[in-house]
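Reviewing the structure listed below.
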Amino acid sequence: MDTLLQNQKSIIEIKDLRKSYGSNAVLAGFNMVLREGENLVIMGKSGSGKSVMIKCLIGLEQPDGGSITVMENDISKLDREELDDLRTEVGFLFQGSALYDSMTVRENLEFPLRRHKKKFGVIKDTTPMVMEALENVGLANTINLMPEELSGGMKRRIALARTLILQPKIILYDEPTTGLDPITAKEILLLMMSIQKKYNTSAIIITHDVDCARMISNRMILLVDGINYIEGTFEELSISTDPKVQAFFK
Amino acid sequence: MEKTTSQKLQLGVFVIIGLLLFILAVYFIGDKKQMFGKTNHLSAVFNNVNGLQLGNNVRFSGINVGTVRGIEMINDTAIRVDMLIDKTIFPLIRKNAVATIGSDGLVGNMIINILPGKEGAASILPGDQIATINRIRTEDMLITLDKTNKNAALLTTDLLKITNEINQGTGTVGLLIKDSTLAEDLKQTMHYLKITGKGSSESIIKLNRLISSLENKNNVIGVLKDTAVANTIKSVVQNLKQTSSQINNVIGNLDTTVVNIKGGKGAINYLSNDPKLVRKINSTMDNIKESSFRLNENLEALKHNFLFRGYFRKQEKAKLKEQKKEEEQK
Amino acid sequence: MLMNTFSKIIELFKAFLLEVGELSYFAGRFFQETFKRPFEFKEFLRQCYNMGNRSLLLVAVTGFIIGLVFTLQSRPTLQEFGAVSWMPSMVSISLIREIGPIITALICAGRIGSGIGAELGSMRVTEQIDAMEVSGTNPFKYLVVTRVLATTFMLPILVFFGNAIAIFGSFLVENIKGKVSFLLYYNQVFNALEYGDLIPATIKTFFFGFAIGLVGCYKGYYCKKGTAGVGLAANSAVVFTSMLLFIIDFIAVFITDIFYDL
């Protein structure tokens, strides 16, 4: 499988990414490639710049230096319109689900469709799309509930449905299992895998959860001191003797 | 979705009522300022508008009939005031009506009062200009009054000296007898002095009454109690009192003098030897005439002052009533 | 020691200048984004409803009480001068010119300003604002522009309500204590009022509303991470807005005064 993936063309390329807050250099020349159809797990300690990296990728943060190419578009050269168009192809699952508190589940799911109508032409009735996305995460009955009425795991799944509704080619997961109990976390991971199979998406998963990485990763990158410290499959890395790498698998 | 529809409805009601409140306020304010009614222009030229402002009210016989719409300097002493007057009032204002500037209450805004003209004149037409009276301001009036008082005081001391001299037999009264015109003058002077004395004592009583009434009234005029104006008025009254008592003295002295002259008593021969004194007496008498005239003028001015306007008007009315009664009796 | 205090004061002053600068930049961005399409009309209406209708009761109650209390408190003094008949003019002028706008604005700063600060703050903290950005909706337009416009247009209307109710409250006191008829009261009020009282005060309220929305959004939008950040955003939104309201009020009165003299 790995060899197969290696032949696939890359859809995200990050070269020499730099970002610092004040005197604190969070990213100091990070390099990375995401190939089509692969699940790339990026592991790192809290505050190691994983989230910053992924936010630079989608244009939520401006890097200080380096280049980011997403589906052959240089992020820094896109204007707002083009960036929005690109974002329909890149889904983002936020750490805390980030459901809009003041809207129902249905409105939450409809929200991305407001702007991204272009991709689907004129949508007269959004209900089938909302229902399909909800069925994908197995929560079709929650359509008229408010986010505060949902449990943490359900919220995460609704957020996933919201990400899926635009049928993106790439999904960025920011700590998909954080804050969930192990069983719910496993459910979410299984869901992620089934979605990948169904829609043939590529994914970058940011996590510090070893179980998560073991289950889902095709390939892993360890982010240490702001650079891509080591790269390899879960098996390769887990037997590494490097103390810095070993620290993650304890 | 239903929820948002009712929300929209509620929002609509909220906004419309809110705007309605504003529009009503705008309308009512404008209504009071005669902005929306049918109005016509009227103008008057003043030489001092005493701080009149655009939008101030115009009153005709005490009723609000319009507002001031324009104040314009025509030349260095004339200011044209343009007024918007209710159309329906136009037939009632005659061409000989007179506009004056006053204040609405003691501390209120300035207003224009149009006093009705005498019967017989034609009604005014839109765009007409009516006559004005410029009121003497309180301050000016008090200054003149003060000066007059000082003059009167000087005069009376002089007179007192002279009459005393005469009474003591040291004067030169002889000439008085020889000069008939002088005697006539003396009589006339005495006459004036009497009137003045009476007038001033009367005015003192009036002023006293007025001031005490002001003090009694527990209203905005109470403010006046503390102001410099009030103090000035008080001192004026004091002066007037002094002056009038002195005048009374003089009159008394003169009376005895005249009696003495008539009776052939006194040191008449002294007079013939002192023409200087005669001239002095002559000029003194002129002064007395002038001062008593001035005092009268001041009282006239007082009448026109807004503070005392009401009082004097009442008096005039009473007088008119009496006259009517008399006419009826005849 | 003295140097220490001195440098501290300089630090504080610097922080203040920075805040003012950032807020000005934020306001500039607001104007830029306001005139860009698309306009989030539905959200604007929703915010108008939230801020207008939902604040009405609060504004009405406070306005009514202010009208009552203000009249009751000034009555003895006016009575002493025998000038109770001046009450309607005095009350209406002070309410329309100053008390109505500023009290309503302060109440709205407390209710709406802190609400916006807390809402946007928690949206920032839970990455909802980022999520919007990623969904292709400009969160500045969707959240900030609609809210600032809503406060700007709703506050004047709330002030009209507040003024009307306050004057009605004042009338009730006069009616009960002084046996003043409605017609007389109405006559007195509108005789005393002039456009010079109403119009500048109304223009002022638009600025009040703008300040409430802008500061609330600014504090919320740039909220620091964490729950404490949300509380701080709500709190500082109210404090900063209240201060700003008085400054705007001072400037407004100052300018009105200049025009009055002309």
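The values are calculated or read from the model by the stated rules, or taken from the named source; none is laboratory data. Keep in mind the model is a prediction, meaning the values are calculated, not measured. Counting neighbours? That spans all protein chains shown, and the Cβs are built from the backbone with ideal geometry, glycine included. We work out accessible area using only protein heavy atoms, side chains counted, and drop any ligands, DNA or RNA first. Shrake-Rupley method; radii C 1.70, N 1.55, O 1.52, S 1.80 Å.
Side notes on the structure shown:
Let's see how each residue does on (1) surrounded by 12 or more Cβ atoms within 10 Å (Cβ to Cβ); (2) modelled with pLDDT under 85:
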{"position": "B:Thr4", "(1), (2)": "yes, yes"}
{"position": "B:Thr77", "(1), (2)": "no, yes"}
{"position": "B:Met83", "(1), (2)": "yes, no"}
{"position": "B:Ile89", "(1), (2)": "yes, yes"}
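- A:Leu57 open to solvent by 10 Å² or more (accessible area, probe 1.4 Å) and within 14 Å of chain C (Cβ to nearest Cβ): no
- Filtering region A:84-103 to residues that are surrounded by fewer than 20 Cβ atoms within 10 Å (Cβ to Cβ) and either more than 10 Å from every other protein chain (Cβ to nearest Cβ) or among the aliphatic types (A, V, I, L, M) (or both) leaves A:Leu86, A:Glu89, A:Met103.
- The lone exception for B:Gly51 - which of (1) in a strand (DSSP E or B); (2) within 14 Å of chain C (Cβ to nearest Cβ); (3) more than 18 Å from C:Phe190 (Cα to Cα) it fails: (1)
- C:Leu57 meets all of the listed conditions (1) surrounded by 10 or more Cβ atoms within 10 Å (Cβ to Cβ); (2) at pLDDT 90 or above but one, namely (1).
Yes/no per residue for (1) in the same structural domain as A:Ile54 (by TED's automatic domain parsing); (2) open to solvent by 30 Å² or more (accessible area, probe 1.4 Å); (3) within 15 Å of the chain's Cα centre (by Cα); (4) under 26 Å from A:Lys9 (Cα atoms):
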{"residue": "A:Met146", "(1), (2), (3), (4)": "no, yes, no, no"}
{"residue": "A:Leu191", "(1), (2), (3), (4)": "yes, no, yes, yes"}
{"residue": "A:Ile204", "(1), (2), (3), (4)": "yes, no, yes, yes"}
{"residue": "A:Ser217", "(1), (2), (3), (4)": "yes, no, yes, yes"}
{"residue": "A:Glu231", "(1), (2), (3), (4)": "yes, yes, no, yes"}
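- Residue-level analysis places C:Phe44 outside the set of residues that are closer than 17 Å to C:Phe210 by Cα and open to solvent by less than 20 Å² (accessible area, probe 1.4 Å).
- Whichever residue in region C:21-37 is without any contact (Cβ under 8 Å) to a residue 12 or more places away in the chain and within 14 Å of another protein chain (Cβ to nearest Cβ) and, among such residues, is nearest to C:Ile99 (Cα to Cα): C:Gln32
- Residues (surrounded by 13 or more Cβ atoms within 10 Å (Cβ to Cβ) and over 15 Å from the mean Cα position of the chain (by Cα)) located in region C:237-262: C:Val253, C:Ile255, C:Thr256
- Qualifying residue in region C:144-151 (condition: more than 14 Å from the chain's Cα centre (by Cα), within 14 Å of chain B (Cβ to nearest Cβ) and modelled with pLDDT under 90): no
- Selection status of C:Gly52, surrounded by 15 or more Cβ atoms within 10 Å (Cβ to Cβ), closer than 30 Å to C:Lys177 by Cα and within 20 Å of the chain's Cα centre (by Cα): no
- Selected residue (only one of A:Leu57, A:Leu17 is of a type in the set (A, V, I, L, M, F, W, C), closer than 30 Å to A:Arg157 by Cβ and assigned by TED's automatic domain parsing to the domain that holds A:Arg219): A:Leu57
- The number of residues in region C:221-232 that are at pLDDT 85 or above and either open to solvent by 100 Å² or more (accessible area, probe 1.4 Å) or under 21 Å from C:Phe207 (Cα atoms) (or both) comes to 3.
- For region A:199-236, the set of residues classified as in contact with a helix residue (DSSP H, G or I) (Cβ under 6 Å, 6 or more places away or on another chain), more than 20 Å from A:Leu180 (Cα to Cα) and part of a helix (DSSP H, G or I) consists of A:Phe234 only.
- Taking the criterion of being part of a helix (DSSP H, G or I) and surrounded by fewer than 17 Cβ atoms within 10 Å (Cβ to Cβ), the residues of region C:79-88 that qualify are C:Gln79, C:Glu80, C:Ser85.
- A:Leu180 vs. criteria out of contact with any strand residue (DSSP E or B) (no Cβ under 6 Å at 6 or more places or on another chain), surrounded by fewer than 16 Cβ atoms within 10 Å (Cβ to Cβ), of a type outside the set (Lys, Arg) and over 18 Å from A:Ile12 (Cβ atoms): no
- Only one entry in C:Ala233, C:Ala237, C:Ala166 is within 14 Å of chain B (Cβ to nearest Cβ), of a type in the set (Gly, Ala, Ser) and in contact (Cβ under 8 Å) with a residue 60 or more places away in the chain, namely C:Ala166.
- Checked against the criterion of being surrounded by 21 or more Cβ atoms within 10 Å (Cβ to Cβ), in contact with a strand residue (DSSP E or B) (Cβ under 8 Å, 6 or more places away or on another chain) and outside any strand (DSSP E or B), region A:60-83 contains one or more residues that satisfy it.
- Only helices (runs of 4 or more DSSP H) whose full extent lies in region C:98-196 are considered here, and the ones with at least 3 residues that are in contact with a helix residue (DSSP H, G or I) (Cβ under 9 Å, 6 or more places away or on another chain) and open to solvent by less than 10 Å² (accessible area, probe 1.4 Å) are C:100-108, C:114-125, C:128-134, C:146-178.
- Meets criteria (surrounded by fewer than 23 Cβ atoms within 10 Å (Cβ to Cβ) and touching a strand residue (DSSP E or B) at 6+ places or on another chain (Cβ under 6 Å)) for A:Asp174: yes
- Test for C:Glu80: is it out of contact with any Pro (no Cβ under 9 Å at 6 or more places or on another chain) and within 14 Å of chain B (Cβ to nearest Cβ): yes
- Scan of region C:98-137 for residues that are within 14 Å of chain A (Cβ to nearest Cβ) and more than 23 Å from A:Leu99 (Cα to Cα), ordered by number: none
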